[in-house]
C-alpha cells in the first residue's frame, strides 16, 4: 500500500485517482483496470457553526447534528460502492476514511445501479422525507439511457459524489436550523491522505 499526501483542497479525487492509478489497481471481469482508493477527507464549517457540543456564547447544544451526520452516512454506505472505514466528528469539522470500490459496482446489474441511485437522489419522497421505493418508470429512465447509466455507475464509487451528497444534505438542514443561508462548509472536503491498494 502506498500513501500520497495531498496539500490542496477541492473535490478532485477522480483526477487524482487516475494519476495515482499506476501505483495500485485491480482488474474487473471485462479486463478493464480500475483503481481502489482509500482517502482521508476532512470537512470544516464556516461562521462559527457547530456540528456538535455547546456554543459557549449562546449556550445552544448541537449534538443533534452529529446524529444527522451518522444517519446520512448510513444511507450513503448502503447505496454507494464505497466503504466507510472510519469516522470522527468534532465541534467544527469531521474526518472520514473512505475506500472506493469500482470493482464492486462493476458487478451490479443495471437495475441495481438504477435502484441505488434513486435511493440517493429520489424522484419521490415520503411525508417524513425518506426516499420512496423506485417504481418501474423511474428505474427505466436510467436503465434505458446507456449514457446516463454509465455516468451513474461511475458516480456510485466516486468519493467526490459521496461528499457532495453528504455535505449538501447536512448544510441544508443546518442552515434551516440556524435560520441562515449560504455556505455551511468551507469546502466540500479536503483530501488529506491518499492510499492506493491493489487488493480488493
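Where a number appears in this text, it was derived from the coordinates with a stated rule and is not lab data. Predicted model only: the values in this text are computed from it and were never measured. For neighbour counting, all protein chains shown are included, and Cβ atoms are generated from backbone atoms with ideal geometry for every residue, glycine included.
Each principal axis of the Cα atoms in region 77-146 has its own extent, and those three values, largest first, are 42, 35, 14 angstrom. Under the criterion of Cα pairs below 8 Å and six or more residues apart, the relative contact order for region 37-115 equals 37 percent. Note on residue 90 and residue 175: the model spin-label points, each 7 Å out from Cα along the C-beta direction, lie 2.6 nm apart. Once the Cβ-Cβ distance of residue 112 and residue 75 is raised to the sixth power relative to R0 = 22 Å, the FRET efficiency obtained is 0.85. Multiplying the residue separation of residue 164 and residue 48 by 0.36 nm and subtracting their alpha-carbon distance yields 39.6 nm.
Taking other C-beta atoms within 10 Å as the exposure proxy, 163, 154 rank 154, 163 from fewest upward. The slack in the chain from residue 183 to residue 63, taken as 0.36 nm per residue of separation less the alpha-carbon distance, amounts to 41.2 nm.
For the pair residue 121 and residue 154, the difference between a 0.36 nm per residue extended length and the Cα-Cα distance amounts to 10.4 nm.
Its convex hull of Cα atoms gives region 38-185 a direction-averaged projected area, equal to a quarter of the hull surface, of 9.5 nm².
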